[in-house]
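Report on one structure; see the data block that follows.
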Amino acid sequence: MTKLTRRSFSAMTLALGASAALPARAADPLKVGFIYVGPIGDHGWSYQHDQGRLAVEKAFGDKVETSYVESVPEGADAERVITQMVRSGHKLIFTTSFGYMNPTLKVAKMFPDVMFEHATGFMREKNMSTYAARFYEGRAVVGVLAGHMSKTNKVGYVASVPIPEVFRGINAFTVAARRINPAIEVTPIWIGEWYNPGKEADAAKALIDQGADILLQHTDSPAPVQTAAERGIWAVGQASDMERFGPEAHMTAIVDHWDPYYINRVQAALDGTWESTDTWGGLSTGMVNMSAFNKALPENVVAEAKAMEEAIIAGTSHPFMGPIKNQAGEVVVAEGATLSDGDLLGMNWYVEGVNGKVPG
Amino acid sequence: MESLAPIVLSVIAAATPLLFAAMGELVVEKSGVLNLGVEGMMLGGAVVAFIVGVETGNGMLAAAAGAAMGMALAFLFAIMVLGLLANQVATGLALTLFGIGLSALLGRGYVGTPLPALPKLYVPGLTDIPVLGPIFFGQDGLVYLSIVLSGAVAWFLYRSRAGLILRSVGENPSAAHAIGYPVIRIRLLAVLFGGAMAGLGGAFLSLSYTPMWAEAMTAGRGWIALALVVFATWQPGKVLLGAYLFGGLTLAQLHLQSMGIIHIPSQFLNMTPYLATIVVLVVISRDAARIRLNAPASIGKVFHPDG
């Protein structure tokens, strides 16, 4: 859903304008800017990026000065906001949504002296890096939990919009869960939005009514976790720790953790060693984290999940290591083979064990 | 049969916020005023109800506070359009934008705060009846309130003298004014009632439906409520039907997706509640004469008592 508001935007513009008027001094702090697609109060995607910004402030103190603009629509508006950030003296700018790709690229070409970092995109420039998180690695860890804990063998999955990132999550989870319990079936419901608490809860209820006793979500609000708690089944938090919304239901959460990356990049910018890079970090780089496992989970199950986590970190296991079959039962990844990053980036099919047809 | 109860309960929950907001807006529009600020008033109600709920732990008080907030926002609207004769469409849109921003500001410290859901009614014996028990005797208070208030609105508009006066103000404010009715005051009361109802709809979302506060959590329900009033051709019975139809279809399409019986693209299924509700309401209300009869003739027009 497109946000109608940019409530903080005019205030920001004023603030930026005011600071731009100050004369530059040699010992000036590095100005780091962040552009968010949602409100920082979404308790999900934008919230986690803002936690990263706060970590940067904490790590560098008065060596940096950070600012942000939230709820910036993807498209032409973004270009204006990014340009405004440049003009007010920001030297390192993080644009944190896929739809900012073209605007960021355009502004990056206009200002070769400014460093840009674009999240989840694939276009780079000499002064524009990309970065994203291998969220699906966390799904494999959760798959181990679900494989052991499901009694009905039915897992519900509240899905947002059919893009490769969401397919990767569904598939990585399904593969891992079925290696433990081959009877597991995963049913996705696509709600067509990233954020609509009421509809997310409705989808969760529909899945539970169909017999699901474990609930996953790839949408941004804690509503599915809350619904799972109300109905007494297990759930997994998305993007940030959602334990508070259903302490009994919350098995763990797959958390985006941008702090180390942001600190790293700001450090490089301060040192003058910043270069355009392409980062796709996962559990091993700390960009994806598992939050605390529920105390009610059996110890051996948690140990197995942790073993999976460590194997992925060590590189001895991969969520898409063969043999993997597609829905038709054909082997698409042979034993011992692993899907390449290129295959993962374009993933738009279901593995065996997922119910329903691929939307579209 | 056992599995039917939770489905019906979900439908009722999905319909309730729409029912509150649409019934309120129906009264507003019947008085000749068009308030497009429903979404904003719902958000205002949602955030204030949530804050009061967290701080006091009292669900009744929280819902009342949500209604009061909706009313306060409606009062701002009334000052603009009734007092200062501002354009109703523009003012209503501004109220929605204002409500989104204000609710986000007020709710800043409450994002990520959990709240126990409103207690559900429990009548020993009755609630335990399979299927029907939880549906009729196992809901929270706001659900019953939405039904009672809908009945009250229908009765008020078509069976009471005050309702007749309100409708006459919506049809021809000059004539109503000429025979001595205080048009502005009547419209003010209607607008305040609409605000309180939108606030209650929002309160239901943040207290019962998904007991939490998240920015813009109404996700367009205010606009759906507005559309329901128009497509129901300003008839309370059809507004009720439309709200439940929309809630039911939303749930039905989610169930259809998860059962995977027929393979229809999920994008299409996600669209069906909107499409089907409009089609059904348009078809059952296609009598042009009745539409003219029910539509408030002076809706959206600024009234200035002259002479």
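Any read-out appearing in this document is the output of simple, stated calculations on the displayed coordinates, not a laboratory observation. These figures come from a predicted structure and were not determined experimentally. Please note: Cβ atoms are built from the backbone with ideal geometry, for glycine as well, and neighbour counts cover all protein chains shown.
Mind checking segment A:257-328 for GluC sites (Glu not before Pro) that DSSP puts in a loop (not H, G, I, E or B) and that have at most 16 other Cβ atoms within 10 Å?
Answer by residue number: A:Glu275.
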For this session: Tell me which residues come under 5 Å, amide H to amide H, from A:Thr66 once H is placed; ignore anything under 5 positions away on its chain.
Result: A:Val32
For this session: Take peptide A:182-191, look around each residue's Cβ out to 10 angstrom, count Cβ atoms belonging to other protein chains, and average those counts.
Result: 3
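Out of the DSSP beta bridges found with both residues in segment A:37-158, what percent are antiparallel (nearest 5)?
10 percent
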Problem set entry | Size of electric dipole in chain B: Cβ of Lys, Arg +1 and of Asp, Glu -1, about Cα centre, debye, nearest 20 | 700 debye
Exercise. What is the order of A:Thr277, B:Thr127, fewest Cβ neighbours within 10 Å to most?
Worked result: A:Thr277, B:Thr127
Problem set entry | Partner aspartates and glutamates for B:Lys301 [C-alpha distance under 14 Å; skip if fewer than 8 residues away on the same chain] | B:Glu29, B:Glu171
For this session: Place +1 on the Cβ of every Lys and Arg and -1 on the Cβ of every Asp and Glu in segment B:129-271, take the dipole about the Cα centre, and give the residue among B:Leu132, B:Gly199, B:Gly248 whose Cα lies farthest towards its positive end.
Result: B:Gly199
Seminar exercise, completed: Ranked by GNM mean-square fluctuation in chain A (Cα springs under 10 Å), the top entry among A:Thr95, A:Thr187, A:Thr316 is A:Thr316
Problem set entry | Label-point gap, in nm, between A:Ile263 and A:Lys151 - each point 7 angstrom along Cα→Cβ | 4.3 nm
Problem set entry | B:Leu84 paired with A:Asp62, simple spin-label distance in nm, labels 7 Å along Cα-to-beta-carbon | 4.5 nm
Problem set entry | Backbone HN-Hα couplings from phi across segment A:315-322 [Karplus 6.51/-1.76/1.60, Hz, Gly and Pro as x] | x, 7, 10, 9, x, 10, 7, x
Exercise. How far is it, in nm, from the label point at A:Ser276 to the one at B:Ile129 when both lie 7 Å from their Cα along the line to the Cβ?
Worked result: 7.1 nm
Seminar exercise, completed: Under a Gaussian network model of chain B whose springs join Cα atoms within less than 10 Å, the largest fluctuation of B:Pro296, B:Pro119, B:Pro236 belongs to B:Pro119
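Could you tell me whether the protein assembly as shown comes out rounded, prolate or oblate from its Cα gyration tensor? Rule is a ≥ b ≥ c as square roots of the eigenvalues, rounded for a/c under 1.5, then prolate if a/b exceeds b/c, otherwise oblate.
Oblate, because a/c is 1.5 or more while a/b does not exceed b/c.
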Problem set entry | Farthest positive-ward along chain A dipole, Cα basis, beta-carbon charges - from A:Tyr136, A:Pro222, A:Trp274 | A:Trp274
For this session: With both partners inside the protein assembly as shown, how many of the DSSP beta bridges are antiparallel, as a percent to the nearest 5?
Result: 20 percent
Problem set entry | Listed residue (B:Gly222, A:Ala249, A:Leu283) projecting farthest to the positive dipole end of the protein assembly as shown, Cβ model | B:Gly222
Exercise. Any idea what angle helix A:45-60 forms with the longest principal axis of chain A, computed on alpha-carbon atoms, 0 to 90 degrees, nearest 10?
Worked result: 50 degrees
Problem set entry | GNM result for chain A, Cα springs below 10 Å: residue of A:Ile254, A:Ile313, A:Ile170 fluctuating most strongly | A:Ile313
Problem set entry | B:Ile291-B:Leu93 FRET efficiency (beta carbon distance; Förster radius 25 Å; 0.05 resolution) | 0.50
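Residues of A:201-213, mean number of Cβ from any other protein chain within 10 Å of their own Cβ, rounded to a whole number?
Values: counts 8, 12, 7, 3, 9, 13, 4, 3, 12, 7, 2, 1, 0.
What the average comes to for A:201-213 is 6.
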Problem set entry | Ordering of A:243-250, A:74-81 by burial proxy (mean other Cβ atoms within 10 Å per residue, highest first) | A:243-250, A:74-81
For this session: Using the structure shown, list the pairs from A:Lys31/A:Lys109; A:Lys199/A:Lys295; A:Lys58/A:Lys109; A:Lys154/A:Lys357; A:Lys205/B:Lys238 with a Cα-Cα distance above 24 Å, or answer none.
Result: A:Lys199/A:Lys295; A:Lys58/A:Lys109; A:Lys205/B:Lys238
